[in-house]
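Everything on this sheet refers to the single structure shown next.
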Amino acid sequence: MTPVIIGGGLAGLCVALTLAPKPVIVLGRKVASGLTSSELAQGGIAAAVGADDSTELHVQDTLAAGAGLCDPAIVRQIIEAGPAAIEQLIRWGVAFDRDEDGDLKRGLEGAHSRRRVVHANGDATGEAVMRVLVARVKQTPSIHLLEGCEVTEIKTDASGVCAVMFRQDGKEGLQEIKTRAVVLATGSACALWRHTTVPVASWGHGLLLAHEAGAALRDLEFVQFHPTALDSTLDPMPLISEALRGAGGKLVTDQGESFVDELCPRDVVARAIWSQLEHGQRVFLDARHIDDFGDHFPTILESCLRGGIDPREEGIPVRPVAHYHMGGIQTDGEGKTTVEGLWACGECASTGLHGANRLASNSLLEAVVMGCRIGKALQARAADALSCAVSEARGAKPFTADDLHDTVRVRNLMMAHVGVLRESKGLETALCDLEPLASVNRFARVGMLIAKSALARRESCGAHTRLDTPCSS
Ligand SMILES: Cc1cc2nc3c(=O)[nH]c(=O)nc-3n(C[C@H](O)[C@H](O)[C@H](O)COP(=O)(O)OP(=O)(O)OC[C@H]3O[C@@H](n4cnc5c(N)ncnc54)[C@H](O)[C@@H]3O)c2cc1C
(Lines give C-alpha, C1' and ligand atoms only; values in the text may rest on other atoms or scores of the structure.)
Protein backbone atom coordinates (compact mmCIF):
# COMPACT_ATOMS: atom_id res chain seq x y z
CA MET A 1 0.00 0.00 0.00
CA THR A 2 1.15 3.53 -0.69
CA PRO A 3 2.31 5.57 2.35
CA VAL A 4 0.21 8.65 3.16
CA ILE A 5 1.74 11.88 4.47
CA ILE A 6 -0.55 14.38 6.21
CA GLY A 7 0.76 17.93 5.84
CA GLY A 8 2.65 19.74 3.10
CA GLY A 9 5.12 21.76 5.19
CA LEU A 10 8.88 21.28 5.26
CA ALA A 11 8.74 18.01 7.22
CA GLY A 12 6.08 16.36 5.03
CA LEU A 13 7.72 17.43 1.77
CA CYS A 14 11.11 16.08 2.93
CA VAL A 15 9.51 12.67 3.58
CA ALA A 16 7.90 12.67 0.12
CA LEU A 17 11.05 13.77 -1.76
CA THR A 18 13.23 11.22 0.06
CA LEU A 19 10.79 8.41 -0.75
CA ALA A 20 10.84 9.20 -4.48
CA PRO A 21 10.72 7.35 -6.82
CA LYS A 22 8.61 5.14 -4.53
CA PRO A 23 5.02 6.37 -4.74
CA VAL A 24 3.57 8.42 -1.91
CA ILE A 25 0.37 10.38 -1.31
CA VAL A 26 0.54 13.82 0.33
CA LEU A 27 -2.75 15.03 1.79
CA GLY A 28 -2.59 18.68 2.67
CA ARG A 29 -4.24 22.01 2.56
CA LYS A 30 -3.28 24.10 -0.42
CA VAL A 31 0.53 24.14 -0.48
CA ALA A 32 2.50 27.40 -0.55
CA SER A 33 -0.53 29.42 0.50
CA GLY A 34 0.77 30.79 3.80
CA LEU A 35 -0.80 27.92 5.77
CA THR A 36 2.53 26.46 6.86
CA SER A 37 4.85 27.67 9.59
CA SER A 38 7.66 26.61 7.28
CA GLU A 39 6.90 29.48 4.89
CA LEU A 40 7.02 32.00 7.74
CA ALA A 41 10.44 30.96 9.09
CA GLN A 42 12.83 33.87 8.99
CA GLY A 43 16.16 33.18 10.71
CA GLY A 44 17.21 29.94 9.11
CA ILE A 45 18.44 26.42 9.80
CA ALA A 46 21.02 25.61 12.48
CA ALA A 47 23.80 23.23 11.41
CA ALA A 48 27.46 22.92 12.40
CA VAL A 49 28.84 23.69 8.94
CA GLY A 50 31.55 26.22 9.88
CA ALA A 51 35.25 25.38 10.24
CA ASP A 52 35.15 26.81 13.77
CA ASP A 53 32.15 24.66 14.72
CA SER A 54 31.50 21.02 15.59
CA THR A 55 28.72 18.56 16.36
CA GLU A 56 29.92 18.63 19.97
CA LEU A 57 29.47 22.42 20.34
CA HIS A 58 26.03 22.37 18.71
CA VAL A 59 25.01 19.43 20.94
CA GLN A 60 26.14 21.31 24.07
CA ASP A 61 24.18 24.45 23.10
CA THR A 62 21.06 22.35 22.40
CA LEU A 63 21.31 20.50 25.71
CA ALA A 64 21.81 23.76 27.63
CA ALA A 65 18.70 25.32 26.04
CA GLY A 66 16.66 22.18 26.79
CA ALA A 67 17.21 22.62 30.55
CA GLY A 68 18.07 18.98 31.28
CA LEU A 69 15.04 17.45 29.54
CA CYS A 70 16.48 16.68 26.08
CA ASP A 71 17.17 13.08 25.09
CA PRO A 72 20.98 13.28 24.68
CA ALA A 73 21.19 10.36 22.22
CA ILE A 74 18.53 11.92 19.95
CA VAL A 75 20.18 15.33 20.21
CA ARG A 76 23.49 13.88 19.00
CA GLN A 77 21.82 11.89 16.24
CA ILE A 78 19.90 14.90 14.81
CA ILE A 79 22.68 17.47 15.24
CA GLU A 80 25.23 15.12 13.63
CA ALA A 81 22.95 14.86 10.58
CA GLY A 82 22.74 18.68 10.23
CA PRO A 83 25.46 19.33 7.63
CA ALA A 84 24.19 16.44 5.44
CA ALA A 85 20.66 17.85 5.69
CA ILE A 86 21.87 21.22 4.38
CA GLU A 87 23.69 19.42 1.52
CA GLN A 88 20.49 17.51 0.71
CA LEU A 89 18.49 20.76 0.51
CA ILE A 90 21.17 22.22 -1.77
CA ARG A 91 20.94 19.11 -4.01
CA TRP A 92 17.19 19.64 -4.19
CA GLY A 93 17.89 23.16 -5.43
CA VAL A 94 17.80 25.47 -2.40
CA ALA A 95 20.14 28.45 -2.91
CA PHE A 96 21.41 29.38 0.55
CA ASP A 97 23.04 32.78 0.96
CA ARG A 98 26.82 32.69 0.40
CA ASP A 99 29.71 35.09 0.97
CA GLU A 100 32.06 36.41 -1.72
CA ASP A 101 34.24 33.25 -1.39
CA GLY A 102 31.20 31.07 -2.09
CA ASP A 103 31.00 29.75 1.48
CA LEU A 104 27.63 29.48 3.22
CA LYS A 105 26.82 32.62 5.20
CA ARG A 106 26.16 31.74 8.84
CA GLY A 107 24.06 33.88 11.18
CA LEU A 108 24.49 34.07 14.95
CA GLU A 109 21.37 33.61 17.08
CA GLY A 110 20.72 33.69 20.83
CA ALA A 111 22.27 30.85 22.89
CA HIS A 112 24.35 29.56 19.96
CA SER A 113 28.08 29.59 20.74
CA ARG A 114 28.99 29.75 17.05
CA ARG A 115 27.68 31.33 13.87
CA ARG A 116 25.73 28.38 12.44
CA VAL A 117 22.34 29.56 11.18
CA VAL A 118 22.26 28.98 7.43
CA HIS A 119 19.75 31.16 5.60
CA ALA A 120 18.31 31.86 2.17
CA ASN A 121 17.11 35.17 0.74
CA GLY A 122 18.11 37.04 3.93
CA ASP A 123 15.33 36.88 6.49
CA ALA A 124 12.93 35.01 4.20
CA THR A 125 14.50 31.55 4.54
CA GLY A 126 11.30 29.56 4.97
CA GLU A 127 9.61 31.05 1.94
CA ALA A 128 12.75 30.52 -0.19
CA VAL A 129 13.17 26.87 0.87
CA MET A 130 9.48 26.02 0.50
CA ARG A 131 9.24 27.61 -2.97
CA VAL A 132 11.98 25.29 -4.22
CA LEU A 133 10.65 22.14 -2.52
CA VAL A 134 7.03 22.70 -3.58
CA ALA A 135 8.16 23.14 -7.20
CA ARG A 136 10.25 19.96 -6.96
CA VAL A 137 7.38 17.99 -5.43
CA LYS A 138 5.07 19.12 -8.24
CA GLN A 139 7.63 17.91 -10.82
CA THR A 140 8.08 14.50 -9.15
CA PRO A 141 5.73 11.99 -10.80
CA SER A 142 5.79 9.53 -7.86
CA ILE A 143 4.39 12.15 -5.44
CA HIS A 144 0.61 12.24 -5.60
CA LEU A 145 -0.28 15.61 -4.05
CA LEU A 146 -3.91 15.98 -3.02
CA GLU A 147 -4.41 19.64 -2.15
CA GLY A 148 -7.31 21.31 -0.37
CA CYS A 149 -7.62 18.35 2.02
CA GLU A 150 -8.33 18.40 5.72
CA VAL A 151 -7.72 15.08 7.48
CA THR A 152 -10.30 14.56 10.21
CA GLU A 153 -9.58 11.11 11.62
CA ILE A 154 -7.22 8.14 11.47
CA LYS A 155 -8.48 4.68 12.33
CA THR A 156 -6.10 1.80 12.83
CA ASP A 157 -6.99 -1.91 13.01
CA ALA A 158 -5.20 -4.89 14.53
CA SER A 159 -3.74 -5.95 11.16
CA GLY A 160 -1.85 -2.63 10.93
CA VAL A 161 -4.10 -1.07 8.28
CA CYS A 162 -4.82 2.63 8.82
CA ALA A 163 -7.83 4.38 7.32
CA VAL A 164 -7.22 8.10 6.79
CA MET A 165 -10.46 10.12 6.57
CA PHE A 166 -10.45 13.52 4.95
CA ARG A 167 -12.56 16.22 3.45
CA GLN A 168 -11.49 17.70 0.11
CA ASP A 169 -12.54 21.12 -1.17
CA GLY A 170 -15.33 20.89 -3.66
CA LYS A 171 -16.27 17.30 -2.74
CA GLU A 172 -19.37 16.21 -0.80
CA GLY A 173 -18.86 14.31 2.47
CA LEU A 174 -15.76 12.60 3.74
CA GLN A 175 -13.44 10.30 1.85
CA GLU A 176 -10.95 7.68 3.01
CA ILE A 177 -7.69 6.09 1.88
CA LYS A 178 -6.33 2.85 3.34
CA THR A 179 -2.61 2.39 3.94
CA ARG A 180 -0.10 0.67 6.19
CA ALA A 181 2.01 3.79 6.82
CA VAL A 182 0.74 7.24 7.82
CA VAL A 183 3.12 10.11 8.50
CA LEU A 184 1.74 12.99 10.57
CA ALA A 185 3.50 16.23 9.58
CA THR A 186 0.77 18.69 10.56
CA GLY A 187 2.91 21.37 12.22
CA SER A 188 2.21 23.48 15.26
CA ALA A 189 -0.54 23.62 17.90
CA CYS A 190 0.25 27.23 18.84
CA ALA A 191 -2.85 28.73 17.19
CA LEU A 192 -4.69 27.31 20.23
CA TRP A 193 -3.46 30.49 21.95
CA ARG A 194 -5.17 33.79 21.21
CA HIS A 195 -1.85 35.46 20.40
CA THR A 196 0.48 33.52 18.15
CA THR A 197 2.90 33.75 15.25
CA VAL A 198 1.77 30.49 13.60
CA PRO A 199 -0.78 30.20 10.79
CA VAL A 200 -4.37 30.40 12.03
CA ALA A 201 -5.36 26.82 11.26
CA SER A 202 -2.56 25.29 13.37
CA TRP A 203 -4.86 23.96 16.09
CA GLY A 204 -2.80 20.86 16.85
CA HIS A 205 -4.52 18.55 14.34
CA GLY A 206 -1.67 16.05 14.49
CA LEU A 207 -1.87 15.82 18.29
CA LEU A 208 -5.62 15.28 18.13
CA LEU A 209 -5.45 12.64 15.37
CA ALA A 210 -2.59 10.79 17.08
CA HIS A 211 -4.23 10.91 20.50
CA GLU A 212 -7.54 9.65 19.13
CA ALA A 213 -5.65 6.83 17.38
CA GLY A 214 -4.11 5.84 20.74
CA ALA A 215 -0.57 7.23 20.27
CA ALA A 216 1.37 8.65 23.23
CA LEU A 217 1.94 12.41 23.45
CA ARG A 218 4.82 13.89 25.44
CA ASP A 219 6.07 17.13 27.07
CA LEU A 220 2.93 19.03 26.03
CA GLU A 221 3.47 21.76 28.65
CA PHE A 222 6.56 23.06 26.88
CA VAL A 223 5.53 25.91 24.60
CA GLN A 224 7.99 28.57 23.51
CA PHE A 225 6.54 32.07 23.75
CA HIS A 226 8.35 34.49 21.49
CA PRO A 227 8.80 37.71 23.47
CA THR A 228 8.23 40.16 20.66
CA ALA A 229 5.41 39.87 18.16
CA LEU A 230 3.75 42.97 16.75
CA ASP A 231 0.91 43.73 19.18
CA SER A 232 -1.85 44.28 16.64
CA THR A 233 -5.14 42.90 15.43
CA LEU A 234 -3.29 40.80 12.84
CA ASP A 235 -3.74 37.03 13.29
CA PRO A 236 -1.16 35.55 13.28
CA MET A 237 0.85 38.37 14.81
CA PRO A 238 4.02 39.11 12.81
CA LEU A 239 7.31 38.20 14.45
CA ILE A 240 9.63 41.06 15.39
CA SER A 241 12.82 39.04 15.45
CA GLU A 242 15.67 39.15 17.99
CA ALA A 243 17.81 40.65 15.25
CA LEU A 244 16.16 44.02 15.90
CA ARG A 245 17.09 43.91 19.57
CA GLY A 246 20.57 42.74 18.54
CA ALA A 247 20.85 45.84 16.35
CA GLY A 248 20.10 48.13 19.30
CA GLY A 249 16.29 48.15 19.55
CA LYS A 250 15.26 49.06 23.12
CA LEU A 251 12.35 47.62 25.08
CA VAL A 252 10.50 50.33 27.02
CA THR A 253 7.19 50.80 28.79
CA ASP A 254 4.73 53.46 27.66
CA GLN A 255 6.45 55.76 30.20
CA GLY A 256 9.70 55.19 28.31
CA GLU A 257 11.27 53.12 31.10
CA SER A 258 13.64 50.20 30.42
CA PHE A 259 12.85 47.04 32.38
CA VAL A 260 14.92 44.18 30.92
CA ASP A 261 18.20 43.56 29.14
CA GLU A 262 17.10 43.16 25.52
CA LEU A 263 19.74 40.49 24.87
CA CYS A 264 18.60 38.06 27.58
CA PRO A 265 17.26 34.65 26.43
CA ARG A 266 13.77 34.49 24.89
CA ASP A 267 12.04 33.10 27.98
CA VAL A 268 13.53 35.75 30.28
CA VAL A 269 12.46 38.61 27.99
CA ALA A 270 9.02 37.03 27.49
CA ARG A 271 8.44 36.82 31.26
CA ALA A 272 9.57 40.42 31.77
CA ILE A 273 7.23 41.76 29.07
CA TRP A 274 4.35 39.57 30.27
CA SER A 275 4.71 41.02 33.79
CA GLN A 276 4.58 44.57 32.43
CA LEU A 277 1.43 43.80 30.43
CA GLU A 278 -0.20 42.18 33.46
CA HIS A 279 0.44 45.41 35.36
CA GLY A 280 -1.42 47.38 32.71
CA GLN A 281 1.60 48.75 30.89
CA ARG A 282 2.11 48.57 27.15
CA VAL A 283 5.54 47.62 25.89
CA PHE A 284 7.31 49.06 22.85
CA LEU A 285 10.42 48.13 20.95
CA ASP A 286 12.00 51.44 20.08
CA ALA A 287 14.10 51.13 16.93
CA ARG A 288 13.71 54.66 15.60
CA HIS A 289 17.45 55.31 15.83
CA ILE A 290 18.39 52.43 13.48
CA ASP A 291 19.58 53.90 10.19
CA ASP A 292 18.29 52.53 6.89
CA PHE A 293 15.74 50.39 8.74
CA GLY A 294 14.07 49.13 5.58
CA ASP A 295 17.37 47.96 4.07
CA HIS A 296 18.28 45.91 7.15
CA PHE A 297 14.83 44.67 8.16
CA PRO A 298 12.60 44.59 5.06
CA THR A 299 10.31 41.84 6.41
CA ILE A 300 9.80 43.58 9.75
CA LEU A 301 9.16 46.94 8.06
CA GLU A 302 6.57 45.37 5.77
CA SER A 303 4.83 43.61 8.71
CA CYS A 304 4.76 46.78 10.81
CA LEU A 305 3.33 48.88 7.99
CA ARG A 306 0.69 46.16 7.46
CA GLY A 307 -0.21 46.55 11.14
CA GLY A 308 -0.42 50.34 10.86
CA ILE A 309 2.93 51.10 12.57
CA ASP A 310 5.90 52.89 11.05
CA PRO A 311 8.93 51.75 13.10
CA ARG A 312 11.03 54.59 11.66
CA GLU A 313 8.70 57.10 13.34
CA GLU A 314 7.29 55.34 16.43
CA GLY A 315 7.90 52.51 18.90
CA ILE A 316 6.70 49.06 17.83
CA PRO A 317 4.09 47.72 20.29
CA VAL A 318 5.10 44.16 21.21
CA ARG A 319 3.79 41.25 23.29
CA PRO A 320 4.80 37.62 23.94
CA VAL A 321 2.96 35.10 21.78
CA ALA A 322 2.82 31.31 21.44
CA HIS A 323 5.44 30.49 18.83
CA TYR A 324 6.70 26.92 18.94
CA HIS A 325 5.53 23.69 20.59
CA MET A 326 8.40 21.63 21.95
CA GLY A 327 6.06 18.83 23.06
CA GLY A 328 4.06 16.66 20.72
CA ILE A 329 3.52 13.13 19.44
CA GLN A 330 6.13 10.91 21.04
CA THR A 331 8.46 9.34 18.48
CA ASP A 332 11.66 7.33 18.53
CA GLY A 333 14.78 8.27 16.59
CA GLU A 334 13.24 6.83 13.41
CA GLY A 335 10.07 8.89 13.72
CA LYS A 336 7.84 5.96 14.79
CA THR A 337 5.04 6.74 17.22
CA THR A 338 3.77 4.24 19.78
CA VAL A 339 1.10 3.04 17.31
CA GLU A 340 2.14 0.57 14.60
CA GLY A 341 2.08 2.16 11.16
CA LEU A 342 1.89 5.73 12.49
CA TRP A 343 4.89 8.05 12.13
CA ALA A 344 5.34 11.73 12.97
CA CYS A 345 7.86 14.44 12.17
CA GLY A 346 8.29 18.21 12.24
CA GLU A 347 6.71 20.41 14.88
CA CYS A 348 3.85 18.03 15.72
CA ALA A 349 6.37 15.39 16.84
CA SER A 350 8.39 15.16 20.03
CA THR A 351 11.66 13.39 19.33
CA GLY A 352 13.37 14.60 22.51
CA LEU A 353 15.59 17.12 20.67
CA HIS A 354 14.23 20.25 22.32
CA GLY A 355 13.57 19.19 25.90
CA ALA A 356 12.05 22.06 27.88
CA ASN A 357 13.11 24.77 25.43
CA ARG A 358 14.11 24.94 21.80
CA LEU A 359 17.41 26.34 20.64
CA ALA A 360 16.61 28.87 17.90
CA SER A 361 16.64 27.42 14.36
CA ASN A 362 16.83 23.81 15.51
CA SER A 363 13.23 23.19 14.42
CA LEU A 364 13.73 23.46 10.67
CA LEU A 365 16.78 21.27 11.15
CA GLU A 366 14.70 18.65 12.95
CA ALA A 367 11.96 18.83 10.28
CA VAL A 368 14.48 18.11 7.49
CA VAL A 369 16.52 15.45 9.32
CA MET A 370 13.52 13.50 10.62
CA GLY A 371 11.53 13.94 7.38
CA CYS A 372 14.43 12.44 5.40
CA ARG A 373 14.92 9.69 7.97
CA ILE A 374 11.27 8.61 7.80
CA GLY A 375 11.42 8.75 4.01
CA LYS A 376 14.38 6.33 4.02
CA ALA A 377 12.72 4.02 6.55
CA LEU A 378 9.53 3.86 4.50
CA GLN A 379 11.35 2.99 1.27
CA ALA A 380 11.45 -0.66 2.32
CA ARG A 381 7.71 -0.70 3.09
CA ALA A 382 6.47 1.27 0.12
CA ALA A 383 4.86 -0.43 -2.86
CA ASP A 384 6.32 0.13 -6.34
CA ALA A 385 3.04 1.23 -7.87
CA LEU A 386 0.71 3.95 -6.65
CA SER A 387 -2.45 2.67 -5.07
CA CYS A 388 -4.70 5.59 -4.35
CA ALA A 389 -8.13 4.09 -3.92
CA VAL A 390 -10.19 6.88 -2.45
CA SER A 391 -13.59 5.78 -1.20
CA GLU A 392 -16.46 7.39 0.63
CA ALA A 393 -15.88 7.26 4.41
CA ARG A 394 -18.77 5.92 6.44
CA GLY A 395 -19.23 6.68 10.13
CA ALA A 396 -16.19 8.98 10.24
CA LYS A 397 -15.98 12.02 12.49
CA PRO A 398 -16.03 15.24 10.50
CA PHE A 399 -14.75 18.48 11.97
CA THR A 400 -18.12 20.04 12.58
CA ALA A 401 -18.96 23.72 12.78
CA ASP A 402 -18.87 23.28 16.57
CA ASP A 403 -15.24 22.20 16.41
CA LEU A 404 -14.35 25.71 15.37
CA HIS A 405 -17.34 27.51 16.86
CA ASP A 406 -15.87 28.00 20.33
CA THR A 407 -12.29 28.27 19.24
CA VAL A 408 -12.12 31.95 20.21
CA ARG A 409 -13.02 30.97 23.78
CA VAL A 410 -10.50 28.15 23.75
CA ARG A 411 -7.80 30.51 22.52
CA ASN A 412 -8.62 33.14 25.15
CA LEU A 413 -8.57 30.54 27.93
CA MET A 414 -5.22 29.16 26.80
CA MET A 415 -3.74 32.67 26.62
CA ALA A 416 -5.05 33.73 30.00
CA HIS A 417 -4.24 30.59 32.00
CA VAL A 418 -1.73 28.45 30.09
CA GLY A 419 0.50 31.33 29.00
CA VAL A 420 3.96 32.59 29.87
CA LEU A 421 3.40 32.55 33.66
CA ARG A 422 1.30 29.72 35.07
CA GLU A 423 0.00 28.68 38.46
CA SER A 424 -2.25 25.88 39.65
CA LYS A 425 -5.35 28.03 40.18
CA GLY A 426 -5.30 29.37 36.62
CA LEU A 427 -4.54 25.95 35.13
CA GLU A 428 -7.45 24.44 37.08
CA THR A 429 -9.71 27.25 35.83
CA ALA A 430 -8.61 26.50 32.26
CA LEU A 431 -9.37 22.79 32.70
CA CYS A 432 -12.72 23.49 34.29
CA ASP A 433 -13.78 25.95 31.54
CA LEU A 434 -12.39 23.86 28.67
CA GLU A 435 -14.18 20.69 29.75
CA PRO A 436 -17.71 21.65 28.66
CA LEU A 437 -16.31 22.99 25.37
CA ALA A 438 -14.38 19.76 24.78
CA SER A 439 -17.57 17.74 24.46
CA VAL A 440 -18.22 19.50 21.15
CA ASN A 441 -14.95 21.15 20.19
CA ARG A 442 -12.28 18.51 19.51
CA PHE A 443 -9.50 21.09 19.70
CA ALA A 444 -10.54 22.10 23.22
CA ARG A 445 -9.48 18.53 24.10
CA VAL A 446 -5.98 19.29 22.85
CA GLY A 447 -6.00 22.42 25.04
CA MET A 448 -7.06 20.28 27.99
CA LEU A 449 -4.23 17.81 27.39
CA ILE A 450 -1.75 20.69 27.38
CA ALA A 451 -3.24 22.32 30.51
CA LYS A 452 -3.20 18.92 32.30
CA SER A 453 0.49 18.45 31.50
CA ALA A 454 1.23 21.98 32.71
CA LEU A 455 -0.64 21.32 35.95
CA ALA A 456 1.17 18.02 36.48
CA ARG A 457 4.65 19.54 36.14
CA ARG A 458 4.96 21.19 39.54
CA GLU A 459 8.27 22.91 38.79
CA SER A 460 9.52 25.76 36.67
CA CYS A 461 11.67 24.40 33.91
CA GLY A 462 12.75 25.87 30.55
CA ALA A 463 9.76 27.48 28.87
CA HIS A 464 7.34 26.26 31.58
CA THR A 465 7.19 28.81 34.40
CA ARG A 466 5.06 28.02 37.46
CA LEU A 467 4.61 30.97 39.83
CA ASP A 468 3.51 28.62 42.61
CA THR A 469 6.49 26.23 42.55
CA PRO A 470 10.23 26.67 42.87
CA CYS A 471 12.58 26.83 39.90
CA SER A 472 14.22 23.44 39.26
CA SER A 473 17.49 24.86 37.96
C1 LIG B 1 7.02 33.25 12.25
C2 LIG B 1 7.85 32.01 12.45
C3 LIG B 1 9.22 32.05 12.28
C4 LIG B 1 9.99 30.89 12.47
N5 LIG B 1 11.34 30.95 12.23
C6 LIG B 1 12.07 29.81 12.34
C7 LIG B 1 13.46 29.81 11.99
O8 LIG B 1 14.01 30.81 11.55
N9 LIG B 1 14.14 28.64 12.14
C10 LIG B 1 13.57 27.49 12.61
O11 LIG B 1 14.25 26.46 12.74
N12 LIG B 1 12.25 27.47 12.91
C13 LIG B 1 11.49 28.58 12.77
N14 LIG B 1 10.16 28.54 13.07
C15 LIG B 1 9.54 27.23 13.39
C16 LIG B 1 9.43 26.39 12.12
O17 LIG B 1 9.04 27.23 11.06
C18 LIG B 1 8.42 25.27 12.26
O19 LIG B 1 8.66 24.54 13.43
C20 LIG B 1 8.51 24.31 11.07
O21 LIG B 1 8.40 25.02 9.86
C22 LIG B 1 7.43 23.25 11.15
O23 LIG B 1 7.41 22.53 9.95
P24 LIG B 1 6.29 21.43 9.76
O25 LIG B 1 6.48 20.83 8.40
O26 LIG B 1 6.29 20.53 10.92
O27 LIG B 1 4.90 22.23 9.84
P28 LIG B 1 4.25 23.29 8.83
O29 LIG B 1 5.27 23.94 8.01
O30 LIG B 1 3.36 24.18 9.62
O31 LIG B 1 3.35 22.38 7.88
C32 LIG B 1 2.25 21.67 8.39
C33 LIG B 1 1.28 21.40 7.27
O34 LIG B 1 0.25 20.51 7.70
C35 LIG B 1 -1.00 20.99 7.24
N36 LIG B 1 -2.07 20.43 8.07
C37 LIG B 1 -2.28 20.62 9.40
N38 LIG B 1 -3.35 19.93 9.81
C39 LIG B 1 -3.83 19.28 8.73
C40 LIG B 1 -4.93 18.41 8.51
N41 LIG B 1 -5.77 18.05 9.49
N42 LIG B 1 -5.14 17.94 7.25
C43 LIG B 1 -4.31 18.28 6.25
N44 LIG B 1 -3.24 19.10 6.40
C45 LIG B 1 -3.02 19.60 7.61
C46 LIG B 1 -0.85 22.49 7.33
O47 LIG B 1 -1.80 23.17 6.56
C48 LIG B 1 0.56 22.65 6.80
O49 LIG B 1 0.54 22.65 5.39
C50 LIG B 1 9.38 29.68 12.88
C51 LIG B 1 8.00 29.63 13.07
C52 LIG B 1 7.23 30.78 12.84
C53 LIG B 1 5.74 30.70 13.05
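The values are calculated or read from the model by the stated rules, or taken from the named source; none is laboratory data. Because the structure is predicted, anything quoted here is derived from the model rather than measured. With ideal geometry, Cβ positions are generated from the backbone for all residues, glycine too; neighbour counts draw on all protein chains shown. For accessibility, only protein heavy atoms count, side chains too; no ligands or nucleic acids. Shrake-Rupley method; radii C 1.70, N 1.55, O 1.52, S 1.80 Å.
A few remarks follow.
- The helix-only estimate of mean residue ellipticity at 222 nm for the chain, built from DSSP H runs of length n ≥ 4 each weighted as -39500 (n - 2.57), is -10000 deg cm²/dmol after division by the residue total.
- Over all directions, the projected convex hull of the C-alpha atoms in region 227-321 averages 5.5 nm² in area.
- Positive-end ranking of GLY315, GLY107, GLY246 along the dipole of the chain, with charges on Cβ about the Cα centre, is headed by GLY107.
- Pairs spanning more than 24 Å between alpha-carbon atoms, out of LYS171/LYS376; LYS155/LYS336; LYS336/LYS376; LYS171/LYS336; LYS138/LYS171: LYS171/LYS376; LYS171/LYS336.
- Short-range pairs are left out: with C-alpha atoms under 8 Å and at least six residues apart, the relative contact order of the chain is 22 percent.
- Taking all protein chains as they are arranged and a probe of 1.4 Å, the heavy atoms of HIS289 leave approximately 110 Å² accessible to solvent.
- Euclidean distance between Cα centres, region 67-114 to region 203-234, Å: 24
- Helix runs (DSSP H) in the chain reaching 24 Å along axis by Cα, Kyte-Doolittle at least 0.5: 362-379
- Accessible surface of the chain [probe 1.4 Å, protein heavy atoms]: carbon and sulfur percent: 50
- Averaging 1/r over each pair of different alpha-carbon atoms in region 253-307 and inverting the result gives 12.9 Å, the Kirkwood hydrodynamic radius.
- Solvent-accessible surface (1.4 Å probe) assigned to GLU428 amounts to roughly 100 Å².
- Contact order normalised by residue count of region 26-183, Cα under 8 Å, 6+ apart, percent: 28
- Dipole magnitude for region 133-235: about 380 debye, using +1 per Lys or Arg Cβ and -1 per Asp or Glu Cβ, origin at the Cα centre.
- Ranking by accessible area, most exposed first, for LYS452, LYS155, LYS376 with a 1.4 Å probe: LYS376, LYS452, LYS155
- Report note on the peptides 107-115, 3-11: ranked by the mean count of other C-beta atoms within 10 Å, highest first, their order is 3-11, 107-115.
- Dipole in debye (nearest 20) - the chain, about Cα centre, beta carbon charges: Lys, Arg +1; Asp, Glu -1: 1300
- Space enclosed by the convex hull of the alpha-carbon atoms of the chain, per residue, Å³: 141
- Label point 7 Å beyond Cα of ALA383 along Cβ direction - residues of region 115-151 with amide nitrogen under 19 Å: 141-146
- Region 227-321 - percent relative contact order, Cα under 8 Å, separation 6 or more: 39
- Accessible surface calculations at 1.4 Å, restricted to protein heavy atoms, place the chain at 39 Å² per residue.
- Kirkwood estimate for region 267-403, i.e. one over the average of 1/r between Cα atoms, Å: 19.8
- Cα-based shape type of region 400-473, given that a ≥ b ≥ c are square roots of the gyration tensor eigenvalues and the cut on a/c is 1.5: prolate
- Remark: region 286-345 projects, on average over all directions, an area of 6.9 nm² (convex hull of Cα atoms).
- Sorting 325-333, 160-168, 307-315 by average packing, meaning the other beta carbons within 10 Å per residue, from highest down gives 325-333, 160-168, 307-315.
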